[in-house]
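A.B. asks: Pasting a structure here, questions to come.
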Amino acid sequence: MEGTAVAVFEILRYLIIHWRCETGISRGALLEGQLVISIEALHSKHEANTLHCVTTIASVGSFYGGLVLKKFIKEIQSILPGFSAKLSWTLEEGSYSQDMSVVTPFQIIFEIDENPRTLMTDCLVIKHFLRKITMVHPKIRFNFSLKVNGILSKEFFGIENEPTLNLSNGIALVINSQHYVSRPKFGTTESCCSRIHPVLGHPITLSIPDDVVGMDLLGELILTPAAALCPTPKVFSSQLNRISSVSIFLYGPLGLPLILSSREQPVTPVFKDTSYFIDLEKYCLHMVPNLDLNLDRGVHTLLTTHLSAILTESHSVVQDSIQFTVDQVLEQHHQAAKAHQKLQASLTVAVNSIMSVVTGSTCSSFRTMCLQALQAADTQEFGTKLHKVFHEITQHRFLHHCSCEVKQQLTPEKKDSAQSTEDARENSNPVLLAETSGPAENKRPMRGRLRQGEKTRTLRYAGAPSPSEAAPRRPEPTAACLTPSGGEARATHGTAPAPGVSPGSGLEDALWLQEVSNLSEWLSPSPEP
Amino acid sequence: MAFAPMGPEASFFEVLDRHRASLLAELRRAGGEPPGGGTRLASSSEVLASIENIIQDIITSLARNEAPAFTIDDRSSWENIKFEDSVGLQMVSHCTTRKIKSDSPKSVQKFALILKILSMIYKLVQSNTYATKRDIYYTDSQLFGNQTIVDNIISDISCMLKVPRRSLHILSTSKGLIAGNLRYIEEDGTKVNCTGRATAVAVPSNIQGIRNLITDAKFVLIVEKDATFQRLLDDNFCNKMSPCIMVTGKGVPDLNTRLLVKRLWATFHTPVFTLVDADPHGIEIMCIYKYGSMSMSFEAHNLTVPAVRWLGLLPSDLKRLNIPKDSLIPLTTRDQMKLDSILKRPYVTCQPFWRKEMEIMADSKMKAEIQALTFLSSDYLSRVYLPNKLRFGGWI
């Protein structure tokens, strides 16, 4: 059992649990604070190829609630019984006070000898763990530093004012896509925005198997799935034919990552094979789950130990809930991809039809005008340019606008206010602007105009649409009623509090949901007269 | 010129002749009909030029980085329809329009299909060939989806270019039939004689192309249903009532059948009567012949025959002839709604007798098919009912 990583896990878990439970932080509020984790490693004087690592975990600035040293050490030792005797604990009380309400900084130091390779792996694991914590505790920031033989490296986890999606019970999900992909899978130009847009599934109650009940695991467990594509693609093209990986993040009731131990618990199909819960083949997708057990190890809790059994016991409801959530995410894009294909096919038909008339015309002035308008030297170039300009003009209208862009575009700009407003409405709800009635004054009288040689314009073009055609739709949120889970695994008697969705970044959610609620209408047949 | 003189004596048609005279007088008072009955075909070069103009506008729009769109008169809104007693339903001069945009998910496909069909029309006109709407659909049935889409786009193009469909070199397959005292020569030179035949002749697909129309019919009888039409054929009605012409559109008439009736009226001013079921559907079919339809209102002058008169089956006939109740059918909810809709239409206002008959139907909540007359005798329709109606002016 590796020492540093596991010790860091358990200490951080203890701190966060203590933080939350002892300080009575209200639901909906977020834990806030900053912790420093620093590891200083020097070559051991006693063993070859070994580093003597001193790990310090300290608070920066304010930290609410006081730690009772004896209780802390006792509980940590009970959690980490396998630690070697070389571990030692120091708690510098600083301005420690018996009064729990007084702001108290703290510092925990322990030492361990590890070989360099293990240390490096441990660091990766710790950073992975910290990243996962900050996903659901956006106001906790970590400064992680590693100093090996005088060479220092630092990394910060958690950014101020992170955009989040509030779940419940104080759990907030950061939606900056950088948390979920280390490197963009697509070119930056193809990404819609820097955020993910999770779709929340319906919370489901998990049954606890009989053989698990009574092993200090009681109460009610509720699973709330959330799914998102990361990064949010900009253009629904062939990108959706390929998804590089599926990442599954599991969190316990207090928002702590559930870490699986590949050593202490064999990997069951539940976690190894995503098709156990998710049918992706109906979207013609085949992928490999990204459950990197090398980075998920060490700490196990009661919940984690029996997680597989619990999920298996409730397989059908878990599957239904997760599938529903995944369907919400993928179906939208699947339908949008189909709409995009429809657009491409339609543009090809339009271009070919125009080319047919232009190339077949015997009127030289007409042909010349067409070529000159697009600055084409010949009909071949004309065709290429025609396709390109059609594509450019129509493409942006069919781009998937996420709620972030919609919010920006709804702000009127300093130009013709009516035009800008209509444009903004168009951008937010392009689907509403097709085949609408225009005012009579836009129509020119057409009778008697068909005389040879007369240039008769039979087209009117889409100017500013009338207000009636650009009215935005009311958002219809699809977020499930989220029931906070019962307490942490160790809290054996938990009851579900009243359900509710925290407001938090409600505007973004509403705008996102508004956008996708229109998606089905994009693809419905046009009404015939 | 006489045709198969098997009909009644001349005095039989006195009332009909007076009716025709009154119709002509009315026509003269109204200033007469436009030459050719309002039919004006655009020349091929005009059609080609107008299509090129459309393409040119699209390209100009694209060059300005604007998404092109078609603006089409909304043929489905009553707001765009006005009623004139002499014409029927027609589109108002400044009507609301629909935009078919190229940059909207909902309409981009239709935008492309309009262009597709425009390019096909362009080729047809250039090569002076013709195709039916069905032919066009089958050039790429997967692309078009269904026939109705093609039909509607063709009507939209006809409305947009303000030319009849015939000028677009698109024909429609006729489903109507003709029988009786009529002969003509089709565009390809085929001579057609509808007289004295046991079977009916199909309405030609190129009405404008017909020449040398010859008839001395005293009346034209439009029969709603094919079954009734065949029954009258079997009863040798055209010979017994000679000289006359019978036409059926087999239900809702297609464009060619309407064009033929219009052509007969415009050419000969022969009185036109309808024989429809005493139900809302039959009345609506009759109104299409007389006043036109909303969807084709842009071509009303070529299609409507406001001089049409309702010969039978009148709701008042049912009571007059003591048709038993078990030969009648209760109006369905849909019938009621259609009847209410017809009663609200602008043209019913100037037809008090029609309104009265519809009110009789609404009050009794019953309808009847023409076949109800077989209660009286199997040939009552051709032997008694129609001859009496025609002889004594039993039309409204």
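A.B. asks: Scan (1) over 22 Å from B:T71 (Cβ atoms); (2) surrounded by 20 or more Cβ atoms within 10 Å (Cβ to Cβ); (3) acidic (D, E) for the single condition B:D156 breaks and write down its number.
C.D. replies: In the conditions (1) over 22 Å from B:T71 (Cβ atoms); (2) surrounded by 20 or more Cβ atoms within 10 Å (Cβ to Cβ); (3) acidic (D, E), B:D156 misses (1) alone.
A.B. asks: Continuing with the same structure: Limited to the range B:126-164, what total is found for residues that are of a type in the set (S, T, N, Q), at the interface with chain A (Cβ under 9 Å from one of its Cβ atoms) and at positive phi?
C.D. replies: From the range B:126-164, those of a type in the set (S, T, N, Q) are B:126-129, B:132, B:139, B:141-142, B:146-148, B:152, B:155, B:158; that's our starting set.
Adding the requirement that they be at the interface with chain A (Cβ under 9 Å from one of its Cβ atoms) leaves B:126, B:148, B:152, B:155.
Filter again for at positive phi, leaving none.
Matching residues across the range B:126-164 total 0.
A.B. asks: Across the range B:379-396, what is the total count of residues that are touching a Lys or Arg at 6+ places or on another chain (Cβ under 9 Å) and not basic (K, R)?
C.D. replies: Count: 8.
A.B. asks: Check off (1) out of contact with any strand residue (DSSP E or B) (no Cβ under 7 Å at 6 or more places or on another chain); (2) touching a residue at least 60 places away in the same chain (Cβ under 8 Å); (3) over 20 Å from B:G394 (Cα atoms); (4) open to solvent by 10 Å² or more (accessible area, probe 1.4 Å) for B:T267 and give me the number that stays unchecked.
C.D. replies: The one condition B:T267 does not meet is (1).
A.B. asks: For B:K123, state whether it is buried (at least 21 other Cβ atoms within 10 Å of the Cβ) and at the interface with chain A (Cβ under 9 Å from one of its Cβ atoms).
C.D. replies: no
A.B. asks: Give all pairs with beta carbons closer than 7 Å in which a residue from the range A:146-157 that is without any contact (Cβ under 8 Å) to a residue 40 or more places away in the chain meets a residue that is open to solvent by 60 Å² or more (accessible area, probe 1.4 Å); count only pairs at least 6 apart in sequence or on separate chains.
C.D. replies: The qualifying pairs are A:F156/A:R141; A:F157/A:R131; A:F157/A:R141.
A.B. asks: Collect the residues in the range B:32-51 that are touching a Lys or Arg at 6+ places or on another chain (Cβ under 9 Å) and either open to solvent by 20 Å² or more (accessible area, probe 1.4 Å) or at pLDDT 70 or above (or both), keeping them in residue-number order. First the steps, then the outcome.
C.D. replies: First pass over the range B:32-51, keeping only residues touching a Lys or Arg at 6+ places or on another chain (Cβ under 9 Å): B:34, B:37-39, B:41-42, B:46, B:49-50.
Once the filter is applied, which keeps residues that are touching a Lys or Arg at 6+ places or on another chain (Cβ under 9 Å) and either open to solvent by 20 Å² or more (accessible area, probe 1.4 Å) or at pLDDT 70 or above (or both), the range B:32-51 yields B:P34, B:G38, B:T39, B:L41, B:A42, B:E46, B:A49, B:S50.
A.B. asks: Can you pull out every residue in the range A:186-213 that is modelled with pLDDT under 65, surrounded by fewer than 18 Cβ atoms within 10 Å (Cβ to Cβ) and not hydroxyl-bearing (S, T, Y)?
C.D. replies: A:F186, A:G187, A:E190, listed by residue number.
A.B. asks: Filter the range A:334-345 down to the residues that are at the interface with chain B (Cβ under 9 Å from one of its Cβ atoms) and aliphatic (A, V, I, L, M), then identify the one that is nearest to A:T232 (Cα to Cα).
C.D. replies: A:A339
A.B. asks: Can you tell me which of B:K133, B:K116 is among the basic types (K, R), open to solvent by 10 Å² or more (accessible area, probe 1.4 Å), modelled with pLDDT of 95 or more and within 25 Å of B:S43 (Cβ to Cβ)?
C.D. replies: Sole residue among the options that is among the basic types (K, R), open to solvent by 10 Å² or more (accessible area, probe 1.4 Å), modelled with pLDDT of 95 or more and within 25 Å of B:S43 (Cβ to Cβ): B:K116.
A.B. asks: Scan the range B:52-77 residue by residue and report those that are within 7 Å of another protein chain (Cβ to nearest Cβ) and of a type in the set (K, R).
C.D. replies: Listed by number, the list holds a single entry, B:R75.
A.B. asks: Of the residues A:T359, A:T325, A:T348, which single one is open to solvent by 50 Å² or more (accessible area, probe 1.4 Å), more than 9 Å from every other protein chain (Cβ to nearest Cβ), on the phi < 0 side of the Ramachandran plot and β-branched (V, I, T)?
C.D. replies: Values: A:T325 fails: open to solvent by 50 Å² or more (accessible area, probe 1.4 Å); A:T348 fails: more than 9 Å from every other protein chain (Cβ to nearest Cβ).
None of the others qualify; the one that does is A:T359.
A.B. asks: Checking B:F273 against (1) in contact (Cβ under 8 Å) with a residue 40 or more places away in the chain; (2) open to solvent by 20 Å² or more (accessible area, probe 1.4 Å): exactly one of these is not met. Which one?
C.D. replies: It fails just one condition, (2).
The values are calculated or read from the model by the stated rules, or taken from the named source; none is laboratory data. In this text, all values refer to a predicted model and were calculated from it rather than measured experimentally. So basically every Cβ, Gly included, is an ideal-geometry build from the backbone, and we count neighbours across all protein chains shown. SASA here: full protein model, heavy atoms, side chains in, ligands and nucleic acids out. Shrake-Rupley method; radii C 1.70, N 1.55, O 1.52, S 1.80 Å.
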